[in-house]
Amino acid sequence: MFVIHEVSKQTGISVRTLRYYEEIGLLFPSAKTEGGHRLYGEEELKTLQQIVFLKTLGFRLKDIQTLLNESLDWVESLDHQLAFVQEEQNKLQQMESAILGLQNAFAIEGSLNESLIQKIIKLSNQSNEKKQALRKQIFTDADLKLIKKLPNLNRNDPHSLEWLGLLGQLKQLRGNYDAGSDPVQRIIKRMMEKAAEEYKGNESFLEKMWEIRKSSLQSEQIGLYPLEEDFIYFIEQAFTIYEIKNSQEGDLQQ
């Protein structure tokens, strides 16, 4: 038999908590000394171990009490608890997605305002089922496979980070350089190289994506990062200039 302070020392559970468990009828001492000290035996220690285990699984004390009284189906209860844990995981994943989105948006924009924050959070929490349904209306099965390769604001893989970094550099340059300047054209060149590496032979897909990108509504519906119309126009100008220069250089080499 152990007095309450010995039980607390062995288990790491405070005396206050043990007394509270007794108060709510969860764990009673097996006896008390003449001096009124609580005594716990082997059975009580086993019960305490079960309480700790069930708390680790996330069960509430009220549910634990019911389980210990064996009046609740363990299988049904564990199924319910698993569903709860999975729901919490989904919430955490949404939170992680939103945080990554805000971090990457800051890298692109250099700052964040309330309007953009709201858009990013909305984008991160967007219903995946609704987004996929809209994509199926617009794209072919082959296109849908390519969409998975697109950079994603809510991921931190090297592929996405490089694309987002290139966008961020263009944003910074736009205020001081025109679309045909060397610094801007160097970034456009790298974008073209990446597009060729990742989507070779799928130019029609890239053209379709760009047309969608120019529509803020369609971009939002399929889950693309929100870009201002004037920035999209700047990028389009830069790409047009790049293609003209490349075409002229090709003619000179012939």
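Brief remarks follow.
- Scanning the stretch 1-15 for residues that are polar (S, T, N, Q) and outside any helix (DSSP H, G or I) yields one hit, 14.
- Selection of helices (runs of 4 or more DSSP H) fully inside the stretch 78-188 by the criterion of at least 3 residues being in the same structural domain as residue 219 (by TED's automatic domain parsing) returns 128-138, 141-147, 158-174.
- Residue 99 surrounded by 11 or more Cβ atoms within 10 Å (Cβ to Cβ), more than 26 Å from residue 58 (Cβ to Cβ), of a type in the set (A, V, I, L, M) and modelled with pLDDT of 75 or more: no
- Selection status of residue 47, over 34 Å from the mean Cα position of the chain (by Cα), of a type outside the set (Gly, Ala, Ser) and at pLDDT 85 or above: yes
- When residues of the stretch 79-98 are limited to those that are without any contact (Cβ under 8 Å) to a residue 12 or more places away in the chain and more than 16 Å from the chain's Cα centre (by Cα), the one farthest from residue 64 (Cα to Cα): 83
- Residues located in the stretch 8-23, provided they are among the basic types (Lys, Arg) and either more than 19 Å from residue 65 (Cα to Cα) or in contact with an Asp or Glu (Cβ under 9 Å, 6 or more places away or on another chain) (or both): 9
- Sub-6 Å Cβ pairs linking a first residue in the stretch 144-157 that is closer than 16 Å to residue 97 by Cβ to a second residue that is among the polar types (S, T, N, Q) and buried (at least 16 other Cβ atoms within 10 Å of the Cβ), at least 6 apart or interchain, are 151/160; 152/160; 153/104; 154/97; 154/124, ordered by first then second residue.
- Residue within the stretch 238-249 that is more than 30 Å from residue 97 (Cβ to Cβ), within 34 Å of the chain's Cα centre (by Cα) and charged (D, E, K, R) present: no
- Just one of the listed residues (195, 238) is without any contact (Cβ under 8 Å) to a residue 12 or more places away in the chain and either in contact with a His (Cβ under 9 Å, 6 or more places away or on another chain) or among the hydrophobic types (A, V, I, L, M, F, W, C) (or both), namely 195.
- For the stretch 18-40, residues that are of a type in the set (Phe, Trp, Tyr) and surrounded by fewer than 16 Cβ atoms within 10 Å (Cβ to Cβ) total 2.
The values are calculated or read from the model by the stated rules, or taken from the named source; none is laboratory data. Everything numeric in this text was worked out from a predicted model, so none of it was measured. When we count neighbours, we look across all protein chains shown, and the Cβ atoms used for this are built from the backbone with ideal geometry, even at glycine.
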